[in-house]
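The values are calculated or read from the model by the stated rules, or taken from the named source; none is laboratory data. Nothing here was measured: the structure is a model prediction, and the numbers come from that model. Note that each Cβ is placed from the backbone with ideal geometry, even for glycine, and that neighbours are counted across all protein chains shown. Please note that ligands, DNA and RNA were not included when accessible areas were found on the heavy atoms of the full protein model with its side chains. Shrake-Rupley method; radii C 1.70, N 1.55, O 1.52, S 1.80 Å.
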Amino acid sequence: MTKQMDKRYEHATKEKEIYSMWESSNLFNPENTNKIRKENSLPVKGESWSVLMPPPNANAPLHCGHATYSIQDLYTRFKRMQGYSALYVPGTDHAGFETQVVYERNLKKEGKSRFDFDRKTLYENVLNFVKENSDVAINQLKRLGMSADWSRNTFMLDEHVINIVYETFKKMHADGLVYKDYYMVNYSPYHGTTFSNLETEHKETVSPLYYVNYKIKDTEQAITVATVRPETIFADVAIAVNPEDSRYKNIVGKICINPLNGREMPLIADSYVDPEFGTGALKITPGHDFNDYEIGKKHDLEVISSIDLEGKMNENAPEVCGVFATKARTLTADLLKEKGALVKVDEKYVNNLLVDYKDGKPIEPMLLPNWFIKMDELAKKAAEKVKNDEVAFNLPTWKKQTLDWLENIRDWPISRQTVFGIQIPVWYCATENPNMRVVFIDSNGETKDGSISDLVSQGYKISEINSGIQKLITGKDSKYVLSVDSPGDDYIQETDTFDTWFSSGQWPLTTLHYPNGNDFKAFYPTSLMDSMWDIMFFWITRMIIFGVYLTGEVPYKMVYMHGRINDAQGRKMSKSLGNVINPIDWVDKYGADALRMGILVGGNTAAKMSALSEDKVRGYRNFSNKIWNMTRFMNLMFDEYEASGGTVPVYSSNLLVVEEDTAILERLNTVIKDTTDLLESYRIKEAGDLVYDFVWHEVADVYIEQVKNREDKSIALSVLRHVMSTSFALLHPFMPFVTESVWEYMRMETTLPLIVSNWPTSA
RNA sequence: GGGCUCCUAGCUCAGCUGGUUAGAGCGCUACAUUGACAUUGUAGAGGUCACAGGUUCGAGUCCUGUGGAGCCCACCA
């Protein structure tokens, strides 16, 4: 008699027990599982198989999207059972900017801001903030059943990670791929940092359109220009019209007068200007507009800035100097009106305002010195690999999109003005760069702002400046030394940090300890990369770029793009809709297996979206219970038969089976083959559906009913045990907990846990 | 403006390279339930596969167009 089974499958207690059994037996570690399989005479392939976890934000709870990590776990379990040296490498991210934003919100509640701290203190505070709850994500991932090797857990700010990132930067610098330049960047005065193009959005906004007259020099004529940003007129340097525009042909080449400051500006012709739009005349402000900057370069125009880094008007706009740009807009309009230059205002004009993706706050295009990576050569090499199918994609569209992006790539601005991140390893000598501007908190707690030479002559020591530094602003041509540690007492380190994607783009290298680590040798390139399509360009493509650049190989052989998990009605989950599902709630309620099945089989992970409903998850909870009760019933039959003196032989093909047995065994054989093939071709849903249907509607509904009436119980039970244990093994990657739970009730000779048992093979 | 995807039962979706009476889960209806499971079983209703053309012996599946939904990229002052 085996021990009694509960009437129901109690997922809450079972899942806890099972996971700690796996963990304490070290069954997620490929070296150990290989050893165990060998000891048990199970086949071990020499080959390794690996997948990296896209690092969730360390201290934030998981959202439903993270439940898709089940895909990674599914394949790890599948490959582990097939005898590969299967490794799932976990990790968490510092999520630099994201985390800093959250931290700053907390500061705001305390009535403080980032400006109250020097750089170092602020960094330490944010890091502690992250560390306080750094295991939130990890513990929840364990609840989902992730069989990741936690002994290899990597944090994005681990020392070895930072070192690799530094080495890469040095190599890129040595290869001439790094440069510093003034560049029109997406600057957010609100966040105090720049954003990459990928991190900005356009938001439809009603903005008044102002029609402004610019007088033409030595005539009574004027040219009218429409603009939504009159405050930038202070920085206007030209007016452009389309060369084909007959209305303006006779005035091209003349000089017009800036209505605010009287600057003499050329009237130029450029085909960029759309004669149909507005008045057909465009003011050119290279200091505050991306397109104008390009036109300005083409026509060799001066770049003037009228807005500073805090979003306030500067000395080039004396009438409104110190006023925030948005406010200055109406003030400037009033000024124009006074001067008789304002023709009319269209109050209902709708345009697309550039904002940041995080808070939707306006972006100010600004000319700032920035560190860049030259992308053309890097992208070209990566594109070649993609073109040659050195990496596979689960859908052809992802290959196409990757190539499109790689072929139209622009240089990558990698400096961010956030504190929480990996500081760029560049140092500036104070004496060689006397004009660098420094903002720092001195030993009296006062914030000082000025050029380094002025501050030194006021008696400040470089050491004092260094310890209280907040921000260093250097020019494009400032002299610098590339170094991780300070090259001397006279040096100040660059305060900019790397874009988070610069470090996470090297995730396959950092987690595996490139270039000399054992894991790098054993597991690179990895086998699978699974991610949602929204970070295709941020992350997936950049990992390819870094991987190819440093190792000559794409860091993974296969990219599986999964879709977004929507609510039951197919709507995107969002706080404002109030339809956000906490995945852990459903793990509590229905079990991790049920949630995993809801994602993996209830929807199609490869589709762009997939709806997740509570009904579905409940349905799969019922399936868990079905599995449990099938096992329970099999045990009751075994007990009864054995109590009457019978013995059930281990199944073998020599058994004298009847027609009913042959039928189910043949089906089992087909199911093994099809499930394996479907999984190998990444058709997860179909594989899961197949086993689900077989277990419930063929084994339980039909075969078990037949067994009830069988006279030859020994044969029937032997076949039943074989069919059940085999199909539960097929189900294990989908529903690891319940299948492992019933495994010990299979009355088999082996005590080997299912997780390291053999993947069934068809006859 | 450029590119892409989707439209199959009340709901959420499968149907891969075209081939028997179009499938699943949930929901619904009726019945059953004295060896496990009511988190159960059996049976059933329900679809002119968005629409219109075309290719084909044959189209949900391929092509063209129309309508609807959505996504990505770029962005007009």
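Scanning region A:30-54 for residues that are in a loop (DSSP other than H, G, I, E, B) and either open to solvent by 20 Å² or more (accessible area, probe 1.4 Å) or at positive phi (or both) yields a count of 8. Return the pair list, or none, for Cβ contacts closer than 7 Å from residues in region A:231-253 that are farther than 29 Å from A:A317 by Cα to residues that are away from RNA strand B (no atom under 11 Å from the Cβ) and not basic (K, R), at least 6 apart or on different chains. As it stands, the answer is A:P243/A:A269, since those pairs meet every condition given.
Filtering region A:735-751 to residues that are in contact with a helix residue (DSSP H, G or I) (Cβ under 7 Å, 6 or more places away or on another chain) and in contact (Cβ under 8 Å) with a residue 24 or more places away in the chain leaves A:M735, A:P736, A:F737, A:V738, A:T739, A:E740, A:S741, A:V742, A:Y745, A:M746, A:R747, A:M748. Being touching a Ser or Thr at 6+ places or on another chain (Cβ under 6 Å) and either part of a helix (DSSP H, G or I) or at pLDDT 95 or above (or both) holds for only one residue in A:A67, A:A86, and it is A:A86.
Could you pull out every one of the helices (runs of 4 or more DSSP H) wholly within region A:570-674 that has 1 or more residues that are within 20 Å of A:H697 (Cα to Cα) and more than 9 Å from RNA strand B (Cβ to nearest atom)? Don't jump to the end; show me each part of the working.
Details: elements: A:583-590, A:592-600, A:614-643.
Here the list reads A:592-600, A:614-643.
Here A:P286 passes the criteria (1) assigned to a loop (DSSP other than H, G, I, E, B); (2) open to solvent by 30 Å² or more (accessible area, probe 1.4 Å); (3) within 14 Å of RNA strand B (Cβ to nearest atom) except the one numbered (2).
Pairs only if they're at least six apart or on different chains, beta carbon under 7 angstrom, first in region A:687-699 and over 12 Å from A:I672 (Cα atoms), second open to solvent by 40 Å² or more (accessible area, probe 1.4 Å) and near RNA strand B (Cβ under 7 Å from one of its atoms); list them, first residue then second. Between residues of region A:687-699 that are over 12 Å from A:I672 (Cα atoms) and residues that are open to solvent by 40 Å² or more (accessible area, probe 1.4 Å) and near RNA strand B (Cβ under 7 Å from one of its atoms), the close pairs are A:W696/A:K626. For region A:457-465, the condition of being hydrophobic (A, V, I, L, M, F, W, C) and open to solvent by less than 40 Å² (accessible area, probe 1.4 Å) holds for at least one residue.
Residues that are within 26 Å of the chain's Cα centre (by Cα) and surrounded by fewer than 24 Cβ atoms within 10 Å (Cβ to Cβ) number at least 1 in the following strands (runs of 3 or more DSSP E) confined to region A:476-545: A:529-532. Within region A:648-657, can one find any residue that is open to solvent by less than 60 Å² (accessible area, probe 1.4 Å), more than 21 Å from A:A592 (Cβ to Cβ) and without any contact (Cβ under 8 Å) to a residue 24 or more places away in the chain? So far as region A:648-657 goes, yes, one or more of its residues are open to solvent by less than 60 Å² (accessible area, probe 1.4 Å), more than 21 Å from A:A592 (Cβ to Cβ) and without any contact (Cβ under 8 Å) to a residue 24 or more places away in the chain.
Would a scan of region A:411-421 turn up a residue that is more than 28 Å from A:V130 (Cα to Cα), outside any strand (DSSP E or B), modelled with pLDDT under 95 and touching a strand residue (DSSP E or B) at 6+ places or on another chain (Cβ under 6 Å)? Walk me through how you get there before you give the answer.
Within region A:411-421, the first condition is being more than 28 Å from A:V130 (Cα to Cα), and the residues that meet it are A:411.
If we keep only those that are outside any strand (DSSP E or B) as well, we get A:411.
Checking which are modelled with pLDDT under 95 leaves us with A:411.
Now drop any that are not touching a strand residue (DSSP E or B) at 6+ places or on another chain (Cβ under 6 Å), which leaves A:411.
Looking for residues that are more than 28 Å from A:V130 (Cα to Cα), outside any strand (DSSP E or B), modelled with pLDDT under 95 and touching a strand residue (DSSP E or B) at 6+ places or on another chain (Cβ under 6 Å), one finds at least one in region A:411-421, hence yes.
Would you check if A:H722 is more than 16 Å from RNA strand B (Cβ to nearest atom), more than 22 Å from A:F28 (Cβ to Cβ) and buried (at least 19 other Cβ atoms within 10 Å of the Cβ)? It is true that A:H722 is more than 16 Å from RNA strand B (Cβ to nearest atom), more than 22 Å from A:F28 (Cβ to Cβ) and buried (at least 19 other Cβ atoms within 10 Å of the Cβ). One residue alone among A:E302, A:E338, A:E276, A:E315 is surrounded by fewer than 14 Cβ atoms within 10 Å (Cβ to Cβ) and either in contact (Cβ under 8 Å) with a residue 60 or more places away in the chain or closer than 29 Å to A:Y179 by Cβ (or both), and that residue is A:E302.
I'd like to know if region A:188-205 contains one or more residues that are more than 30 Å from A:M536 (Cβ to Cβ) and small (G, A, S).
No, that holds for no residue.
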